[in-house]
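Every number in this text was worked out from the coordinates using simple rules, so none of it is lab data. Worth saying up front: this structure is predicted, and the values here are computed from it rather than measured. We place every Cβ from the backbone using ideal geometry, glycine too, and count neighbours over all the protein chains shown.
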Amino acid sequence: MSIINKADSMPRIYRKNYLAAVEGRATPRNAIKAFCLECMGWQRNEVSGCSTIDCPLNLYRP
């Protein structure tokens, strides 16, 4: 799946940050935020409750 196709399939509210992250224009914090949101199926409330301790970004998640 291409980046554009992937962006088209996600909630519109997260597209700008996601595209900035994959294009290398996002801050590290925003890139991590995009990663976590994608990992949790774009469910913002699930990110704060993430219990995946083996994720390398766990200590940095939003």
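Assorted remarks:
- Only helices (runs of 4 or more DSSP H) whose full extent lies in the chain are considered here, and the ones with at least 3 residues that are out of contact with any Gly (no Cβ under 9 Å at 6 or more places or on another chain), surrounded by 11 or more Cβ atoms within 10 Å (Cβ to Cβ) and not acidic (Asp, Glu) are 3-9, 12-22, 28-39.
- Tallying residues that are over 21 Å from Arg61 (Cβ atoms) and touching a helix residue (DSSP H, G or I) at 6+ places or on another chain (Cβ under 7 Å) within the stretch 1-40 yields 2.
- Just one residue in the set Cys36, Cys50, Cys55 is touching a residue at least 24 places away in the same chain (Cβ under 8 Å) and not basic (Lys, Arg); that residue is Cys36.
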